Structures are given as structure tokens and as C-alpha cells.
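Enquirer: My structure is below; once you've seen it, I'll send some questions.
The values are calculated or read from the model by the stated rules, or taken from the named source; none is laboratory data. The structure presented is a predicted model; accordingly, all values stated were derived computationally and were not measured. Heads up, the Cβs are rebuilt from the backbone with ideal geometry, glycines too, and the neighbour counts pull from every protein chain shown.
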Amino acid sequence: MTEQTRDKFFGESQLFEPPGSFQEKALVSDRRLYESAQKNRLAFWASMAEDVEWMKKWDTIFEDDDAPFYRWFNGGTLNVSFNCVDRHTLTSRRNKAALIFEGEPGDSVTLTYQQLYREVNRFSSGLKKIGVQKGDRVTIYMPMIPEAIIAMLSCTRIGAIHSVVFGGFSSDSLKDRIDDADSTIVITADGGYRRGKVVPLKENTDQAVAACPSVEKVIVVKRVGNAINMDEQRDLWYHEIIKEADDYCVPEEMQAEDPLFILYSSGTTGKPKGILHTTGGYLVGVHCTFKYVFDYRDEDIFWCTADIGWVTGHSYIVYGPLSNGATVILYEGTPDYPERDRFWEMIERYRVNVFYTAPTAIRAFMRWGEDWPARRDLSSLRLLGTVGEPINPEAWMWYHEYIGLGKCPIVDTWWQTETGMILITPLPGVTTTKPGSASQPFPGIEAAILDEAGEEVEPGKGGFLVLTSPWPAMLRTLYKDPERFKETYWQQYPGKYFTGDGAMKDKDGYFWIMGRVDDVMNISGHRIGTMEVESALVDHKAVVEAAVIGKVHDLKGQAISAFVTLKEGLDGSDELVEELKAHVVKKIGAIARPDDIFFASELPKTRSGKIMRRLLRDVAEGRALGDTTTLLDPGVLAGIMEKYKS
């Protein structure tokens, strides 16, 4: 990172103190939680584990004799399903809403904790009756409907290991994940709704399973009522299984280090990584971070807009909120169907209090304009969150002003599929926030920024983000590939977890996440992060979103190409190209001046909302495109290719 960039983006950041009215009622309003963790980190995590209900208490808090295969709460036993459902039915929460589901067409259903308990028990019993046992792998490929969460909780109840595959993935992606896990059961639906169309989930499943000899049964939820093929020897209807099932299924007593789920990484070339999380440490991590990061109150309506096919959905739609007894919104569709105020209309109607979404979505809302949220009453919101990628300061400020109405703290959270839980984040009742910064590590988390030699860098200097001590919800290994686990995460800096992200820490100790280290360009010997140039472009009043890549250049090594989305109603021109190049020079310096700027109505993204820069690099360098199966809309990339060639 150049000194000029650092000064421009981080030296003049506006500060936002927690509002006094928020701080008065906040669960954490001073530094005592941080001080407790700093004094004795392991004792701190043991205190966090007391909030979880154990069948048998652990023998040891932490074991590192087989590093990096660390163990947490070893000897302890518990059941995640019991923690998320049963224990709430023993209190006044039994009649409290657990899930408020809304389908894209507008259908809805609310399940109380008592009703969710009944459904989970019945499906758990049904799974056992068809032969599912502890340790079996179950693939879940479903839309965002209550049965998807019921399926996850039922697997955890009987000790089966679930592997949730995002419902937008192709049959090939599904096949790869079923094969790697050797799943014996696949749970799917006849279809799901997306932008008014039916996603053919059963058809995709049939194509995938045809090449997966491990699969014995396919369970199908009737969601859309479309015509599908049902194999009499293999396929079973979900509603028929639960009709014949027992009303109670004894929760399996699980060791803390027993596997809980496998979640496959996506969006990269090569074989997907099967990230394995275990039971006790993961539940402790997501339970306490949900409670403190989102300042959870028993009356809150919480909405995380992620899909359960991603780790955000696992941790902050299912296990973190439900273990705390929260009320969760579950929405099947997209934010722009049938109109671009669908999210805001739902917040108004359900009186949502805490809203957690991605910077990619926020930038789309910016492009659509502030008139859409202005139509709706968003006064119920008291806390906002962001997840998935670094948020640029301009998007942070828009979110603060037009969604939070200037009164809601924003928790900008950094974590990964591998980390299981939020690791760097504000605590909204105590942290002074800076737009664009994830702020500081959660209590009990230790992080540093290192140079290539492994030395900690000075404040204001960029480097590699590492975690210097283990944490409870960390991945335990890569499924069936422990050597790849060691090589990917522990080889670069022995004894430290390598996140793969670049970052900077300012003079106040705030972390600024710069994105993946493979998104660093080498321009005439100068290392420049793609996010630096993207932030400079988005800083221009005409730009909503930008993606920057380095393409091969004979003299410079790499040259900067930028793909830019403008605010609605604006057209690209040669004059605007020059203006944007000059703006980057002003913000960063001449070394970062883009060689090319291309205008695009949309940028190519994965179905989780991440920009596919590697595909843009393929376009810029004239190569054959890499894996495109994770793209949300392949037509976007086709349009960019046409413009680029012309």
C-alpha cells in the first residue's frame, strides 16, 4: 500500500461513537470483556462455553499436542440440536417465534420453538428409520425454506454430518461435493423460486446422483409443485417420511470434537476444499459472537440475508441465533423481486431490529438509489451488519445514512468459512467505528499483520493477516485431506494461521482488510492492492462498484484494467474514462493510473455475491475462461466480453 493511499483512505477517517441510548442498554458497554480475555484467554473461552448446555463437562479447555490439529473442550459431550431447540421449549420461549419464513411469491409461515422442536424430532426419527446413523454424511441441496433448517438440525440431532450445497450450484458442482463426502442421503426439493422462475433442484439432483454411487436415498420436499421424476427405488417424499415418524427422537450425545458439518469452498478453480467443523468449539464460537456482536436482546427480530449454503447462513441464520433463542427471518428470494424495495418492505412489515447483509448488496442498493428505502419505515432497525468482503467507506456511509437513518451502529465483520465464527468486528456498545474498517479482534482472538519474512509490520504498513493463536470454532482439517490443510493454512508462517488476506493496522490498532493477497498487482515493481484502486474509483461520484485486475504487460509486468458500474441514469464516455483515471491518480498516485477502464451494467459475481476477478483477468488477457459454474448470471460475463473485444 502506498503512503498516499494510506493517508487518503485511513488517515482522515470519520469516527462514529456508539450512540448513548444504544450504549445504555448494550450487553457490552466497556472494555471488561476484552480485559478478561487478555488476562487469561483460555479461561475466557471456558466462561463463554458456560452459556452452552453440556451433557458432560469437558476435561480440558484446549489441547495443542497434535498441532495444527487442535482440540477444544475435549472430553465434553453435548448435542447442537438440543441447544438450538429443546432447551428453549423448557422455558417461556417455547411459544416464541423461532423462524419467520417468507417465500419469494409472498407465502409465509412462522414456526415457534415448540413447533420447530416437533418438526426436528419427526424428521430426525424419519432419517433414523431409513437407516441414517451417526457419522453418515448427508448432502442438503435446498432453497431457503424452513425444511432446510429442519434438515440441518435433524442431522445434528442424530449425529449425522451434513454438507449443505448452495441451491444455486449446478449439477456438476453438486456431484463433486456428494462424491467427495461419500454422502449416502441427499435432501432436496422439487424446486425453488428465484426472480419469479423455478430453479429445477430435483432435476439437477437427478443428474448429479446418476454419477454418485454412494447415494442410497433422495428425500424430496414439495415446494413448488412442478412435475418431477421420482425413482421408486430411491426417492422419498419428505412429507411422507414425517407422517410416519415418531414424535420424539433422543438427541445423540456427541463428543465436542465429533464432526458437525462439512462445507465446501467455492469460487476457485481446482477441487473444492471440504472444510470440516466440529461440535463443541464451533457452537461456543457462534453462540457467543452472535450474542455480543449483534448485542442480542430477547425481543429482537434478526435478519441475515445470506443463504444457508454459505457459512454465514450456518453460523448466523441457524446455529448462532437459534442457540440464543432468537427470532430469525428466513427469505427465499432476491432483494429486487418483484420490486427493488423488497428488503425494505419486509423490514417495515416484520419490524426487523438487526439486519446483516453483504457490501455487494449494499452497492446494488446504492445503484438503485435512496428513493427505494425512503418509501419504507425503517425505524425499527437498531443495528446493522456487513459480511463477506471489505466494505468501502462510501458504501458504509450510504448504509449508515439511508438504511440506519444515522442512528444505527454498524458492525463490519471479518471472518471466513474456515474460521467458523466472526473474528474481527466492532462490539456495538463500546467500539468507536471507522467507515471501512473491521476495527479490532473479538475478545479472545489474537491477530497480527506480518511481512513476507514473518516480522510484524509497523502501523500503517500493509502485510499478511494471520491469527497467532487458535480459537474454538476454527476448522479442524480439510475432509480426507489433512496434508492440504497443513500446507494451505499453516506452512507459510509455522504456528500461525495464514488467512490469505492482506490487511493494514492503523495507529489506533484498527484492522483494515484489503482482500485476498492474490489480488495484489505488481506494477513496475510496486505492489498495489486491487481494493486500493477499486476504493479510489468508487470514491468518484459517478461510480457505484468497480473491479480491478492486473493483466500481463511487457514493460510494467502488469497493467491495471478496471471494470466499472455507474449509478443508474449515467452513461460511460471517453471523457468520463479520463476523469476516472485522473481521480485514481489524485487519490493514490500516478503509479496506480489504470491503463483501461471499461463500463459494465453489472459485474460478474458468484451466487454468494463475490466479484469473480479471475474471470475478468481471463477476459483481459484473452485466455479461455476458467470455471464459471459458480456465476450468478453468466450473461453478465458474456456482455463484458463483447464490450472488451470491441
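Enquirer: Could you go through segment 68-78 and let me know if any residue there is assigned by TED's automatic domain parsing to the domain that holds GLU244, crowded, with 19+ Cβ neighbours inside 10 Å and polar (S, T, N, Q).
Expert: No, there is no match, as no residue in segment 68-78 is assigned by TED's automatic domain parsing to the domain that holds GLU244, crowded, with 19+ Cβ neighbours inside 10 Å and polar (S, T, N, Q).
Enquirer: Sticking with this structure for a sec: Can you list residue pairs whose Cβ atoms sit under 8 Å apart, with the first residue in segment 40-51 being assigned by TED's automatic domain parsing to the domain that holds ARG71 and without any contact (Cβ under 8 Å) to a residue 40 or more places away in the chain and the second being exposed (fewer than 14 other Cβ atoms within 10 Å of the Cβ) and not hydrophobic (A, V, I, L, M, F, W, C)? Count only pairs 6 or more apart in sequence or on different chains.
Expert: none
Enquirer: Here are VAL132, VAL109, VAL138, VAL120: which of them is hydrophobic (A, V, I, L, M, F, W, C) and part of a helix (DSSP H, G or I)?
Expert: VAL120
Enquirer: Moving on. Is it the case, given these coordinates, that LYS551 is modelled with pLDDT under 95, within 22 Å of GLY589 (Cβ to Cβ) and in a loop (DSSP other than H, G, I, E, B)?
Expert: So LYS551 does not fit the description; no.
Enquirer: Select, from GLU418, GLU458, the only residue that is closer than 21 Å to MET48 by Cβ and acidic (Asp, Glu).
Expert: Result: GLU418 is the single residue among GLU418, GLU458 that is closer than 21 Å to MET48 by Cβ and acidic (Asp, Glu).
Enquirer: Search segment 563-597 for residues being modelled with pLDDT of 90 or more and in contact with a Phe, Trp or Tyr (Cβ under 7 Å, 6 or more places away or on another chain), and hand back the single one that is nearest to ILE523 (Cα to Cα).
Expert: Among them, the one singled out is PHE563.
Enquirer: Taking into account only those residues within segment 392-434 that are of a type in the set (Gly, Ala, Ser) and under 27 Å from THR565 (Cα atoms), which is surrounded by the fewest Cβ atoms within 10 Å (Cβ to Cβ)?
Expert: The qualifying residue surrounded by the fewest Cβ atoms within 10 Å (Cβ to Cβ) is GLY406.
Enquirer: May I pose another question? Find the helices (runs of 4 or more DSSP H) located wholly in segment 163-264 whose residues include 3 or more that are more than 22 Å from VAL311 (Cβ to Cβ) and assigned by TED's automatic domain parsing to the domain that holds GLY75, and list them.
Expert: 201-209, 238-243
Enquirer: Could you grab me the full set of residues in segment 78-96 that are of a type in the set (A, V, I, L, M) and under 14 Å from GLU119 (Cβ atoms)?
Expert: Within segment 78-96, just VAL85 meets the criteria.
Enquirer: So, THR110, is that one within 18 Å of CYS304 (Cβ to Cβ), surrounded by fewer than 21 Cβ atoms within 10 Å (Cβ to Cβ) and polar (S, T, N, Q) or not?
Expert: In short, yes.
Here's the yes/no breakdown for (1) touching a residue at least 60 places away in the same chain (Cβ under 8 Å); (2) more than 27 Å from the chain's Cα centre (by Cα):
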| site | (1), (2) |
| --- | --- |
| THR188 | no, no |
| ARG195 | yes, no |
| GLN207 | no, yes |
| VAL218 | no, yes |
| ASN226 | no, yes |
| MET230 | no, yes |
| TRP237 | no, yes |
| ASP247 | yes, yes |
| GLU252 | yes, yes |
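Enquirer: Cβ-Cβ distance below 7 Å, separation of 6 or more or different chains: which pairs start in segment 578-607 with a residue that is farther than 17 Å from GLY550 by Cα and among the acidic types (Asp, Glu) and end on one that is modelled with pLDDT of 90 or more and not in a loop (DSSP other than H, G, I, E, B)?
Expert: Qualifying pairs under 7 Å: GLU602/THR565.
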